[in-house]
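Following: one structure in C-alpha coordinates, then a few remarks.
The values are calculated or read from the model by the stated rules, or taken from the named source; none is laboratory data. Keep in mind the model is a prediction, meaning the values are calculated, not measured. For neighbour counting, all protein chains shown are included, and Cβ atoms are generated from backbone atoms with ideal geometry for every residue, glycine included. Surface areas here come from the heavy atoms of the whole protein model, side chains and all, with no ligands, DNA or RNA. Shrake-Rupley method; radii C 1.70, N 1.55, O 1.52, S 1.80 Å.
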Amino acid sequence: MKNTTATFKKAKEEHKKLTMLTAYDYSFAKIMDEAGVDSILVGDSVGMVCLGYEDTLPVTMEDMIHHTAAVSRGAKNALVVADMPFMSYQTSVYDAVTNAGRLIKEGRAQAVKLEGGFEVVEQIKAIVAASIPVVAHIGLTPQSVNAFGGFKVQGKSEAAAQKLLDEARAIEEAGAFAVVLECVPEKLAAKISEAISIPTIGIGAGAGCDGQVLVYQDMLGLFSDFTPKFVKKFANVGEIVREAFEGYIKEVKEGTFPAKEHTYKMDDEILDKLY
Ligand code: KIV
(Lines give C-alpha, C1' and ligand atoms only; values in the text may rest on other atoms or scores of the structure.)
Protein backbone atom coordinates (compact mmCIF):
# COMPACT_ATOMS: atom_id res chain seq x y z
CA MET A 1 0.00 0.00 0.00
CA LYS A 2 1.25 3.47 -0.89
CA ASN A 3 2.68 5.35 2.08
CA THR A 4 1.20 8.75 2.77
CA THR A 5 1.67 11.59 5.24
CA ALA A 6 -0.55 9.52 7.55
CA THR A 7 2.18 6.84 7.57
CA PHE A 8 4.60 9.47 8.92
CA LYS A 9 2.12 10.66 11.55
CA LYS A 10 1.41 7.11 12.73
CA ALA A 11 5.12 6.24 12.90
CA LYS A 12 5.78 9.22 15.17
CA GLU A 13 2.83 8.37 17.39
CA GLU A 14 3.93 4.75 17.67
CA HIS A 15 7.63 5.58 18.11
CA LYS A 16 8.53 3.61 14.96
CA LYS A 17 11.57 4.81 12.99
CA LEU A 18 11.05 6.11 9.46
CA THR A 19 13.43 5.35 6.60
CA MET A 20 14.11 7.64 3.67
CA LEU A 21 16.68 7.38 0.88
CA THR A 22 17.35 9.63 -2.07
CA ALA A 23 16.82 8.38 -5.62
CA TYR A 24 16.99 10.07 -9.00
CA ASP A 25 15.99 7.35 -11.46
CA TYR A 26 13.48 4.56 -12.07
CA SER A 27 15.76 1.55 -11.48
CA PHE A 28 17.11 2.61 -8.09
CA ALA A 29 13.69 3.84 -6.95
CA LYS A 30 12.27 0.40 -7.80
CA ILE A 31 14.98 -1.47 -5.86
CA MET A 32 14.54 0.78 -2.80
CA ASP A 33 10.79 0.48 -2.99
CA GLU A 34 11.01 -3.31 -3.17
CA ALA A 35 13.45 -3.27 -0.23
CA GLY A 36 10.71 -1.53 1.77
CA VAL A 37 11.97 2.02 2.31
CA ASP A 38 9.18 4.25 3.70
CA SER A 39 9.95 7.27 1.58
CA ILE A 40 12.09 8.30 -1.37
CA LEU A 41 13.47 11.81 -1.62
CA VAL A 42 14.32 13.13 -5.07
CA GLY A 43 16.95 15.43 -3.60
CA ASP A 44 18.46 18.41 -5.33
CA SER A 45 21.66 16.54 -4.41
CA VAL A 46 21.00 15.20 -7.93
CA GLY A 47 23.08 18.22 -8.97
CA MET A 48 26.15 16.88 -7.17
CA VAL A 49 25.88 13.10 -7.35
CA CYS A 50 24.35 12.75 -10.84
CA LEU A 51 25.15 15.97 -12.70
CA GLY A 52 28.62 16.67 -11.27
CA TYR A 53 28.04 20.21 -9.98
CA GLU A 54 30.04 21.47 -6.96
CA ASP A 55 26.87 22.28 -5.04
CA THR A 56 23.09 22.13 -5.50
CA LEU A 57 22.62 25.72 -6.65
CA PRO A 58 22.53 25.18 -10.44
CA VAL A 59 19.72 22.59 -10.25
CA THR A 60 16.60 23.71 -12.15
CA MET A 61 12.90 22.95 -11.92
CA GLU A 62 13.24 21.05 -15.21
CA ASP A 63 15.98 18.85 -13.70
CA MET A 64 13.81 18.14 -10.67
CA ILE A 65 10.67 17.35 -12.67
CA HIS A 66 12.60 15.04 -15.02
CA HIS A 67 14.14 13.01 -12.19
CA THR A 68 11.02 13.07 -10.00
CA ALA A 69 8.88 11.64 -12.80
CA ALA A 70 11.36 8.76 -13.26
CA VAL A 71 11.43 8.00 -9.52
CA SER A 72 7.64 8.20 -9.22
CA ARG A 73 7.29 5.53 -11.91
CA GLY A 74 9.52 3.20 -9.86
CA ALA A 75 8.03 3.81 -6.41
CA LYS A 76 4.92 1.74 -5.86
CA ASN A 77 4.77 2.02 -2.06
CA ALA A 78 7.27 4.61 -0.89
CA LEU A 79 6.11 8.19 -0.39
CA VAL A 80 7.89 10.30 -3.03
CA VAL A 81 9.11 13.71 -1.86
CA ALA A 82 10.63 16.12 -4.40
CA ASP A 83 13.09 18.84 -3.48
CA MET A 84 12.28 22.39 -4.51
CA PRO A 85 15.49 23.69 -6.16
CA PHE A 86 17.30 26.92 -5.33
CA MET A 87 15.28 30.03 -6.28
CA SER A 88 12.08 28.08 -6.99
CA TYR A 89 10.47 29.23 -3.70
CA GLN A 90 12.71 31.87 -2.08
CA THR A 91 11.58 34.52 -4.57
CA SER A 92 7.90 34.66 -3.57
CA VAL A 93 4.99 32.75 -2.10
CA TYR A 94 3.45 32.70 -5.59
CA ASP A 95 6.57 31.05 -7.09
CA ALA A 96 6.64 28.56 -4.23
CA VAL A 97 3.06 27.38 -4.81
CA THR A 98 3.43 27.34 -8.61
CA ASN A 99 6.64 25.33 -8.54
CA ALA A 100 5.44 22.96 -5.81
CA GLY A 101 2.41 22.34 -8.03
CA ARG A 102 4.62 21.46 -10.99
CA LEU A 103 6.50 18.84 -8.95
CA ILE A 104 3.17 17.23 -8.08
CA LYS A 105 1.46 17.58 -11.50
CA GLU A 106 4.41 16.91 -13.81
CA GLY A 107 6.76 14.95 -11.51
CA ARG A 108 3.95 13.01 -9.78
CA ALA A 109 5.57 13.49 -6.36
CA GLN A 110 3.29 13.29 -3.33
CA ALA A 111 5.07 15.96 -1.31
CA VAL A 112 7.73 18.64 -1.70
CA LYS A 113 10.68 19.62 0.46
CA LEU A 114 12.11 23.09 0.87
CA GLU A 115 14.99 24.46 2.90
CA GLY A 116 14.85 27.13 5.60
CA GLY A 117 13.15 28.15 8.82
CA PHE A 118 11.36 31.40 9.68
CA GLU A 119 12.05 32.86 6.22
CA VAL A 120 9.96 30.18 4.46
CA VAL A 121 7.05 29.91 6.90
CA GLU A 122 4.72 31.84 4.56
CA GLN A 123 5.72 29.60 1.65
CA ILE A 124 5.01 26.46 3.72
CA LYS A 125 1.59 27.77 4.76
CA ALA A 126 0.64 28.63 1.17
CA ILE A 127 1.84 25.31 -0.30
CA VAL A 128 -0.01 23.37 2.41
CA ALA A 129 -3.12 25.50 1.74
CA ALA A 130 -2.88 24.34 -1.88
CA SER A 131 -3.19 20.75 -0.58
CA ILE A 132 0.46 19.90 -1.17
CA PRO A 133 2.21 18.21 1.77
CA VAL A 134 5.49 19.84 2.77
CA VAL A 135 8.69 18.50 4.35
CA ALA A 136 10.82 21.29 5.81
CA HIS A 137 14.62 21.18 6.10
CA ILE A 138 16.68 23.04 8.72
CA GLY A 139 20.20 22.93 10.14
CA LEU A 140 22.76 22.69 7.35
CA THR A 141 20.68 23.72 4.35
CA PRO A 142 22.96 23.16 1.33
CA GLN A 143 21.25 25.85 -0.79
CA SER A 144 22.64 28.39 1.73
CA VAL A 145 26.23 27.14 1.35
CA ASN A 146 27.46 30.59 0.31
CA ALA A 147 25.76 32.28 3.27
CA PHE A 148 27.15 29.67 5.69
CA GLY A 149 30.65 29.88 4.20
CA GLY A 150 30.83 26.12 3.62
CA PHE A 151 29.14 22.87 4.66
CA LYS A 152 29.29 23.22 8.48
CA VAL A 153 27.52 21.73 11.50
CA GLN A 154 24.72 24.06 12.64
CA GLY A 155 23.20 24.88 16.05
CA LYS A 156 26.27 24.60 18.28
CA SER A 157 25.98 27.90 20.18
CA GLU A 158 23.10 28.60 22.59
CA ALA A 159 21.58 31.22 20.27
CA ALA A 160 21.89 29.02 17.18
CA ALA A 161 20.45 25.99 19.01
CA GLN A 162 17.51 28.02 20.35
CA LYS A 163 16.86 29.38 16.86
CA LEU A 164 16.71 25.87 15.39
CA LEU A 165 14.32 24.73 18.12
CA ASP A 166 12.10 27.77 17.53
CA GLU A 167 12.21 27.25 13.77
CA ALA A 168 11.18 23.60 14.15
CA ARG A 169 8.16 24.75 16.17
CA ALA A 170 7.31 27.43 13.60
CA ILE A 171 7.55 24.91 10.77
CA GLU A 172 5.22 22.53 12.56
CA GLU A 173 2.81 25.40 13.20
CA ALA A 174 2.96 26.34 9.49
CA GLY A 175 1.72 22.87 8.57
CA ALA A 176 4.77 20.86 7.44
CA PHE A 177 4.27 17.12 8.06
CA ALA A 178 7.97 16.35 8.66
CA VAL A 179 11.29 18.15 8.97
CA VAL A 180 14.76 17.13 7.87
CA LEU A 181 17.49 18.01 10.39
CA GLU A 182 20.87 18.10 8.67
CA CYS A 183 24.23 18.28 10.47
CA VAL A 184 22.83 19.20 13.87
CA PRO A 185 24.44 18.01 17.15
CA GLU A 186 22.88 14.73 18.30
CA LYS A 187 21.52 16.06 21.61
CA LEU A 188 19.91 19.10 20.01
CA ALA A 189 18.28 16.94 17.32
CA ALA A 190 16.89 14.66 20.07
CA LYS A 191 15.52 17.69 21.94
CA ILE A 192 13.87 19.04 18.79
CA SER A 193 12.39 15.60 18.08
CA GLU A 194 10.82 15.55 21.55
CA ALA A 195 9.58 19.13 21.28
CA ILE A 196 7.51 18.77 18.11
CA SER A 197 4.78 16.34 17.08
CA ILE A 198 5.83 15.94 13.43
CA PRO A 199 8.62 13.44 12.61
CA THR A 200 12.21 14.63 12.36
CA ILE A 201 14.27 12.94 9.65
CA GLY A 202 17.95 13.17 10.47
CA ILE A 203 21.03 13.26 8.29
CA GLY A 204 24.11 13.80 10.44
CA ALA A 205 21.81 14.43 13.39
CA GLY A 206 22.09 11.22 15.42
CA ALA A 207 19.79 8.40 16.42
CA GLY A 208 17.39 10.56 18.47
CA CYS A 209 15.57 11.61 15.29
CA ASP A 210 12.31 9.93 14.32
CA GLY A 211 13.81 8.73 11.05
CA GLN A 212 16.93 8.85 8.90
CA VAL A 213 17.75 9.84 5.34
CA LEU A 214 20.90 9.15 3.33
CA VAL A 215 22.00 9.88 -0.21
CA TYR A 216 22.16 6.46 -1.85
CA GLN A 217 25.41 7.11 -3.69
CA ASP A 218 27.02 7.86 -0.31
CA MET A 219 25.72 4.76 1.47
CA LEU A 220 26.65 2.52 -1.49
CA GLY A 221 30.13 3.96 -1.98
CA LEU A 222 29.25 5.28 -5.43
CA PHE A 223 30.23 8.92 -4.86
CA SER A 224 33.90 9.42 -4.12
CA ASP A 225 34.40 13.22 -4.35
CA PHE A 226 34.01 13.50 -0.55
CA THR A 227 32.34 11.50 2.25
CA PRO A 228 30.75 13.39 5.15
CA LYS A 229 31.38 12.07 8.69
CA PHE A 230 27.75 11.01 9.11
CA VAL A 231 27.81 8.58 6.16
CA LYS A 232 27.97 4.84 6.77
CA LYS A 233 28.86 2.78 3.70
CA PHE A 234 26.42 -0.12 3.81
CA ALA A 235 28.16 -1.63 0.76
CA ASN A 236 31.05 -0.74 -1.50
CA VAL A 237 29.12 -0.96 -4.75
CA GLY A 238 31.54 1.48 -6.38
CA GLU A 239 34.29 -1.19 -6.22
CA ILE A 240 32.01 -3.91 -7.59
CA VAL A 241 30.93 -1.65 -10.47
CA ARG A 242 34.54 -0.70 -11.26
CA GLU A 243 35.54 -4.40 -11.38
CA ALA A 244 32.61 -5.17 -13.67
CA PHE A 245 33.61 -2.37 -16.07
CA GLU A 246 37.22 -3.59 -16.06
CA GLY A 247 36.04 -7.16 -16.74
CA TYR A 248 33.90 -5.99 -19.68
CA ILE A 249 36.76 -3.98 -21.21
CA LYS A 250 39.17 -6.94 -20.84
CA GLU A 251 36.79 -9.49 -22.39
CA VAL A 252 35.87 -7.30 -25.35
CA LYS A 253 39.54 -6.58 -26.06
CA GLU A 254 40.41 -10.31 -25.78
CA GLY A 255 37.43 -11.33 -27.92
CA THR A 256 35.90 -13.56 -25.20
CA PHE A 257 32.74 -11.44 -24.99
CA PRO A 258 30.23 -11.89 -26.56
CA ALA A 259 30.31 -15.70 -26.27
CA LYS A 260 28.05 -18.14 -28.17
CA GLU A 261 25.26 -17.85 -25.56
CA HIS A 262 24.99 -14.11 -26.14
CA THR A 263 24.39 -14.39 -29.90
CA TYR A 264 21.40 -15.07 -32.22
CA LYS A 265 21.27 -17.93 -34.77
CA MET A 266 20.03 -18.10 -38.37
CA ASP A 267 19.76 -20.84 -41.00
CA ASP A 268 23.01 -21.44 -42.88
CA GLU A 269 20.88 -22.07 -45.99
CA ILE A 270 19.71 -18.47 -45.98
CA LEU A 271 23.21 -17.26 -45.42
CA ASP A 272 24.46 -19.36 -48.36
CA LYS A 273 21.94 -17.66 -50.67
CA LEU A 274 23.35 -14.22 -49.98
CA TYR A 275 25.71 -12.77 -52.60
O1 KIV B 1 19.14 16.93 -1.59
C2 KIV B 1 19.19 16.01 -0.74
O3 KIV B 1 19.57 14.87 -1.03
C4 KIV B 1 18.78 16.33 0.62
C5 KIV B 1 19.14 15.34 1.67
C6 KIV B 1 20.58 15.40 1.97
C7 KIV B 1 18.30 15.49 2.87
O8 KIV B 1 18.24 17.36 0.86
Margin query: I'd like the full set of residues that are buried (at least 16 other Cβ atoms within 10 Å of the Cβ), more than 11 Å from the ligand (Cβ to nearest atom) and more than 17 Å from residue 106 (Cα to Cα), limited to the range 54-75.
Written below: 57
Margin query: When you scan the range 111-118, do you find a residue that is farther than 21 Å from residue 22 by Cβ and part of a helix (DSSP H, G or I), even just one?
Written below: yes
Next item on the list: Could you please find all residues in the range 1-28 being under 17 Å from residue 112 (Cβ atoms) and either modelled with pLDDT under 95 or within 14 Å of the ligand (Cβ to nearest atom) (or both)?
Entry: 20, 22, 23, 24
Next item on the list: Keeping to the range 132-142, report how many residues are closer than 16 Å to residue 110 by Cα, buried (at least 24 other Cβ atoms within 10 Å of the Cβ) and of a type outside the set (Gly, Ala, Ser).
Entry: 2
Item checked: Where residue 143 falls short, out of the listed (1) within 16 Å of the ligand (Cβ to nearest atom); (2) part of a helix (DSSP H, G or I); (3) free of Cβ contacts under 8 Å to residues at least 24 places away in the same chain; (4) not basic (Lys, Arg) -> (3)
Notebook entry, point to check: within 28 Å of residue 3 (Cα to Cα), more than 16 Å from the ligand (Cβ to nearest atom) and surrounded by fewer than 23 Cβ atoms within 10 Å (Cβ to Cβ): does that describe residue 129?
Noted result: yes
Notebook entry, point to check: Can you spot a residue in the range 43-50 that is of a type in the set (Gly, Ala, Ser) and closer than 19 Å to residue 136 by Cβ?
Noted result: yes
Next item on the list: Identify the residue in the range 35-49 that is free of Cβ contacts under 8 Å to residues at least 60 places away in the same chain and open to solvent by 30 Å² or more (accessible area, probe 1.4 Å) and, among all such residues, is farthest from residue 221 (Cα to Cα).
Entry: 36
Item checked: Hits in the range 19-32 - residues which are out of contact with any helix residue (DSSP H, G or I) (no Cβ under 6 Å at 6 or more places or on another chain) and open to solvent by less than 20 Å² (accessible area, probe 1.4 Å) -> 20, 32
Margin query: Against the condition among the basic types (Lys, Arg) and either within 16 Å of the ligand (Cβ to nearest atom) or open to solvent by less than 60 Å² (accessible area, probe 1.4 Å) (or both), how does residue 232 come out, does it pass?
Written below: yes
Next item on the list: Name the strands (runs of 3 or more DSSP E) wholly inside the range 151-227 in which the number of residues that are crowded, with 23+ Cβ neighbours inside 10 Å is 3 or more.
Entry: 178-182, 200-203
